[in-house]
Amino acid sequence: MTTSRASLWTVAPEDRPRERLERLGPGGLSDSELVALVLGSGMPGVNVLDSARSLLAQAGGVTELMTMTVGELRALMGVGVATAGRVVAVAELWRRANDPPPGAVLAHPVDVVTAVRTFAAARSPGSGAGACATVFVIVADSELRLRVVVPLAGTDTRALVAGALHEVLYRGGTAFALALADGLSTNVGPRGPDDVSSGALDLDAGAKGAVPGAQSEGSVVDETQLRAVRDVLKLAASTVGLRYLSSVRVTADGWSPLD
């Protein structure tokens, strides 16, 4: 980046981010313009728009930027405590505004089972079609209240671990459980290989008409693999301050603990 801070003043006043926001609303602004408004000012010697573009490029995009922690943001070039704090605060406000209301307390493994069964029933009530082995991460808050049930894509252990951690952190969870739903019909289709978050559903998703995906029909994850995922996640959870609750297998006519 070689653009000077002063060069922003060469832009016509009506084309600057604040003026465009007032005239067009937030939907009329680019990602870099919105980030520039959050930043407020640029890095030394760099105008705020170029600083915003640099931040987006380093993060990998808006979605990645909005899921980064303060520590991760501070590792980026030109990002200090104040900038990292502003970005994280905006992301947290967005999450809180879009969070479903707290659900039931996940005090015991059977509560996890109930959450998964409720999710499955909401997705395809009365239907047996599309049943396959699907891994879920069940996200809870600090009081162990259910936040969201998320079907995870893929069958590779590393992908499942990464997907689970991403969802717990992205959803603002502090505790989580795992479930292998075998034989339950959830009526969710395949997702793209790069989409690790679009399958997240709250328990009201069926009423909202959203049909994001989970795993491709016919994909298989067994108990041994889920235990491997669980073991890695338990270690990772203790490192990042998350609480692991339990792992269960849920079938059409019963359930069993996997711990």
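Selection over segment 156-205 of residues that are closer than 27 Å to Ala252 by Cβ, touching a strand residue (DSSP E or B) at 6+ places or on another chain (Cβ under 7 Å), of a type in the set (D, E, K, R) and modelled with pLDDT of 50 or more gives a count of 2. In the set (1) at pLDDT below 90; (2) touching a strand residue (DSSP E or B) at 6+ places or on another chain (Cβ under 8 Å), Gly126 fails one condition alone, (2). No other residue among Val150, Val112 is modelled with pLDDT of 90 or more, touching an Asp or Glu at 6+ places or on another chain (Cβ under 9 Å) and over 14 Å from Ala252 (Cβ atoms) apart from Val150. Residues in segment 16-45 that are among the small types (Gly, Ala, Ser) and in contact with a Leu (Cβ under 9 Å, 6 or more places away or on another chain): Gly28, Ser32, Ala36, Gly42. For Glu143, the criteria (1) at pLDDT below 80; (2) more than 16 Å from the chain's Cα centre (by Cα) hold in every case but one, which is (1). Taking segment 25-54 as the range and being over 28 Å from the mean Cα position of the chain (by Cα) and modelled with pLDDT of 90 or more as the test, no residue passes. Taken over segment 217-245, the residue count meeting the criterion of being under 20 Å from the mean Cα position of the chain (by Cα), surrounded by 13 or more Cβ atoms within 10 Å (Cβ to Cβ) and in contact (Cβ under 8 Å) with a residue 24 or more places away in the chain is 10.
The values are calculated or read from the model by the stated rules, or taken from the named source; none is laboratory data. Note that this is a predicted model, so its numbers are computed, not measured. No Cβ is skipped: glycine too gets one built from the backbone with ideal geometry, and neighbour counts run over all protein chains shown.
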